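The values are calculated or read from the model by the stated rules, or taken from the named source; none is laboratory data. Computed from a prediction, not measured in an experiment: that's the story for all the values here. Here Cβ is always computed from backbone atoms with ideal geometry, including for glycine, and neighbour counts include all displayed protein chains.
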Amino acid sequence: MIEFPKEFVWGAATSSYQIEGAAWEDGRGECIWDRFARTPGKVLDGLNGDVACDHYHRWPQDVALMKELGLQAYRFSIAWPRIFPTGSESKPLEAGLAFYDRLTDGLLEAGITPWVTLYHWDLPQGLEDAGGWPNRDTVDAFLRLTEVVSKRLGDRVKHWITHNEPWCAGRLGYETGLHAPGRTSVPDALAACHHLLLSHGQAVPIIRANSPGAEVGITLNLVPAVPASPSEVDRKAHQRFDAWFNRWFMDPLVGKGYPADLLEEYVRDGHVSGMEPDFVKDGDYAAMAVECDFLGINYYSRGIIRAEVPEEENAPRTVPEPPDDVKTDIGWEVYPDGLYDLLVRLRDDFDGLPIYITENGAAYHTAPSDDGVVHDGKRLAYLDSHLRACHRAMADGAPLAGYFAWSLMDNFEWQEGYTQRFGMVWIDYETQERLPKDSARWYSKVIARNGVED
Ligand code: FCB
């Protein structure tokens, strides 16, 4: 048995837009993903999150399932436009708060610890219309959301994540345009990233005030990468990738500001006004480096960086075609050693700050077999190999305190629509039937034993 420490946290994660369904009847406003998904060509098959897993109505069943599986913790996110439909109302919407109240109480009754993410990408469209994340006013709107939600749930929720993957929200949303709202402007993306990180920093003290004793952090998606060859050009491309993807988000959190190498390039190319960009105001760097209780990490794959890859493709999800048997269905390489490397790097870069893996998982289409069961051996093997990598990193001093599988159930996978299934629970989108896959049964045993078998 490869055993984990007694207090290690075992959980699973989801996010609001991906599972809830809109449930417009309760007054939820439009978010940027509603708008984006309705824009032709943005999401595969033109599908959207209107129904998704209908979790908004079926949450009692979902919580019962989590209990049956023995989950200790459940990470979910708040749909901002359920609370402030356009983002700028003076009062929050009671129906939205009541929903998260019920869910929180249901989880606690089931003995499951709620972990709340405040922002998992569903910005109210009203705020996007007013400039979105590149507009500094969005920081204030986020702080109003933080105040209201942490006040309402703060007596019972003691684990808070301000943002999920600001790289995706900022860079995919405003630089590459692959995600909502689909803008393609480097200056907009840089301002958006800044406001995301700033709003994290300013939200932390609000959460602490409203939720005494809470643990608060942020979740980054980081990609350990290697140069494709020892050549100078590949080495440089790798360095740039690391600054663009990882350091742009890590460095400000530890008080180092933005990485100078990439910032110089942005100045040269006229994307920012100077080494002190206009969007950085007095006190911002200090606010962004606020002390946290943990760092959340989402890990899926690594990057292999070649100089000749055009910049927009030089993204984490781009690796040289690995052989089929080491790729998941979404095309990402299965590379557990990358998780080991990342955890060991963070041990040093974040100076021993506790780390939680807040997402890790694999997309495989595996459908129910004739026996009515989903035999998703590949997902199980993926999770198993990554847990072993976690354990090795811990043996080498990585301060890993818990693990959340992505995802509890199949769901709306952003621009991939419903084509990619990451769940440990199968969703039949016609009937909304939930069916735990082999991986869910296996994970349940891992939790019960507190480890993986030798
Ligand atoms: C992460 C997202 C999550 C899910 C997984 C597969 O980037 O945080 O919502 O889409 O990827």
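Annotation note: of Val233, Val226, the sole residue that is over 20 Å from Ile357 (Cα atoms), touching a residue at least 60 places away in the same chain (Cβ under 8 Å) and in a strand (DSSP E or B) is Val226.
Within the range 346-356, is even one residue in contact with a strand residue (DSSP E or B) (Cβ under 9 Å, 6 or more places away or on another chain), farther than 22 Å from His159 by Cβ and away from the ligand (no atom under 16 Å from the Cβ)?
no
Among the residues of the range 60-77, is there at least one that is aliphatic (A, V, I, L, M) and free of Cβ contacts under 8 Å to residues at least 60 places away in the same chain? Within the range 60-77, one or more residues are aliphatic (A, V, I, L, M) and free of Cβ contacts under 8 Å to residues at least 60 places away in the same chain.
Residues are listed down the side, and each one gets a yes or a no for (1) assigned to a helix (DSSP H, G or I); (2) away from the ligand (no atom under 16 Å from the Cβ); (3) within 26 Å of Val216 (Cα to Cα):
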| residue | (1), (2), (3) |
| --- | --- |
| Ala381 | yes, yes, no |
| Asn411 | no, no, no |
| Glu430 | no, yes, no |
| Trp442 | yes, yes, no |
| Ile447 | yes, yes, yes |
| Asp454 | no, yes, no |
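Scanning the range 170-185 for residues that are touching a helix residue (DSSP H, G or I) at 6+ places or on another chain (Cβ under 6 Å), assigned to a helix (DSSP H, G or I) and either modelled with pLDDT under 95 or closer than 20 Å to Val139 by Cβ (or both) yields Gly170, Arg171, Tyr174, Glu175. Screening the range 260-280 for residues that are assigned to a loop (DSSP other than H, G, I, E, B) and either free of Cβ contacts under 8 Å to residues at least 24 places away in the same chain or touching a strand residue (DSSP E or B) at 6+ places or on another chain (Cβ under 9 Å) (or both) and picking the one that is farthest from Leu198 (Cα to Cα) gives Gly270.
Inspect all residues belonging to the range 357-376 and state whether any of them is away from the ligand (no atom under 16 Å from the Cβ), at pLDDT 95 or above, within 20 Å of Ala225 (Cβ to Cβ) and within 19 Å of the chain's Cα centre (by Cα). No.
Among the listed residues Pro114, Pro92, identify the single one that is away from the ligand (no atom under 16 Å from the Cβ) and assigned to a strand (DSSP E or B).
Pro114
None of Arg421, Arg434 is more than 30 Å from Val290 (Cα to Cα), within 16 Å of the ligand (Cβ to nearest atom) and in contact with a strand residue (DSSP E or B) (Cβ under 9 Å, 6 or more places away or on another chain) except Arg421. Under 20 Å from Gly303 (Cα atoms), charged (D, E, K, R) and within 16 Å of the chain's Cα centre (by Cα) - does that describe any residue in the range 166-183? Looking through the range 166-183, at least one residue is under 20 Å from Gly303 (Cα atoms), charged (D, E, K, R) and within 16 Å of the chain's Cα centre (by Cα).
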